[in-house]
Structures are given as C-alpha cells and as structure tokens.
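Some notes on the structure that comes next.
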Amino acid sequence: MKKGQLQTMHIAFQQICASERPWTALGNFMNYWYAYAKDQREALIVDSLPTYDEHSLYEHQWAVFCAAAVEWFCHTYMVPCPSWVQNPKYMLSEPWFFHVNERAKARLLQTTPQEFQRRNIFCGDRCFANKWELVEHLRQRPA
C-alpha cells in the first residue's frame, strides 16, 4: 500500500486474494474505519471488490464476507451503503460456519448479524469488536 493511501475494503480483499491473512487485512481496514480515517468512511467502502476471472471457494467466501461486512458497517454506523454490496454474486450457496462443532454452530446461528446470515455466513457477533470503541467507552465512564 502506498503512503497516504486509505486501507479500503477493496484493498483488504485484494490483499486476501494475494495470500495476506484475512484478519490482518480486515484488521487494517478496521483501523482506518475506527480511527485513522473515521471522517472518510464512505471512501473506505465505495469501491466494489476487484473481480477476477475465477475465484477459488476461499476467495469467494471472503468476497461475500467483505460485502456483508460493508453492509454491517454501514447499518451500524449510519453510513450510506454502496449498491455493489447487493450484487447477487455476494451470496454463498452453502452455509459457511466459522466454527465446526455443533455447540459453536448453534451459538453462531443465534448471534450472527443478519447482514451475514442472509448471505449464508455464520461468524457470530464478535468479528468487529474493537479496541478503539472500548477505549472511548472507558474514557466516558464516570471516575
């Protein structure tokens, strides 16, 4: 990434496709969303994900996850949602659970936000827990 360039979701997905750990690329995006570019949130999500001739299942799952994440961020933070996230290609035909044991699956079915469930992704509600808002919350507590 070039100096001064925003870590957009578009770039995060490119990095995932280039073998970056997904949570590293998404974590970098979150740093910009929550802190470094809070005043430029629309710019972080406006560009659709890059398209390739063929995606592996792994890349397709993460593309769908990224689209769901953008929709979740927009709904949660009252930012206009870009239309590209509604493209039917950002849907999985088979459920993708982030945990495989049955007890964990049951919890994921109950706690996953609807932006992900609608796309057949079951990741729970803790994917975007962040240090930035925790610090703000702690600062606002009475002494």
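The values are calculated or read from the model by the stated rules, or taken from the named source; none is laboratory data. Since this is a predicted model, take the numbers as computed values, not measurements. Positions of Cβ are generated from backbone atoms using ideal geometry, with glycine treated the same way; all protein chains shown enter the neighbour counts.
Screening Ala104 with (1) within 22 Å of Ala129 (Cα to Cα); (2) out of contact with any Asp or Glu (no Cβ under 8 Å at 6 or more places or on another chain); (3) modelled with pLDDT of 95 or more gives one miss only, at (3).
Quick check on my filter: what residues within the range 8-30 are closer than 20 Å to Arg126 by Cβ, exposed (fewer than 13 other Cβ atoms within 10 Å of the Cβ) and not aromatic (Phe, Trp, Tyr)?
Arg21, Thr24, listed by residue number.
Taken together, the residues in the range 43-66 that are out of contact with any Cys (no Cβ under 9 Å at 6 or more places or on another chain), over 20 Å from Phe122 (Cβ atoms) and modelled with pLDDT of 95 or more amount to 5. The condition of being under 16 Å from the mean Cα position of the chain (by Cα) and in contact (Cβ under 8 Å) with a residue 40 or more places away in the chain holds for only one of Tyr34, Tyr58, that being Tyr34.
List every residue pair whose Cβ atoms sit under 7 Å apart, with the two residues 6 or more apart in sequence or on different chains, where the first one lies in the range 79-108 and is on the phi > 0 side of the Ramachandran plot and loosely packed, with under 12 Cβ neighbours inside 10 Å and the second, anywhere, is assigned to a loop (DSSP other than H, G, I, E, B) and aromatic (Phe, Trp, Tyr). Taking only residues 6 or more apart or on different chains, not a single pair turns up.
Residues of the range 1-53 that are among the acidic types (Asp, Glu), assigned to a loop (DSSP other than H, G, I, E, B) and either in contact with a strand residue (DSSP E or B) (Cβ under 8 Å, 6 or more places away or on another chain) or farther than 25 Å from Phe98 by Cα (or both): Asp47, Asp53. Of all the numbered requirements in (1) closer than 24 Å to Gln7 by Cβ; (2) exposed (fewer than 12 other Cβ atoms within 10 Å of the Cβ), Val70 misses one, and that requirement is (2).
Among the residues of the range 105-131 satisfying the criterion of being in a helix (DSSP H, G or I) and basic (Lys, Arg), which is nearest to the chain's Cα centre (by Cα)? Can you show your working first?
First, the residues of the range 105-131 that are in a helix (DSSP H, G or I): 105-111, 114-117, 131.
Cutting the leftovers down to basic (Lys, Arg) gives us 105, 107, 131.
Numbers: Lys105: 20, Arg107: 20, Lys131: 16 Å.
Taking the candidates together, the pick is Lys131.
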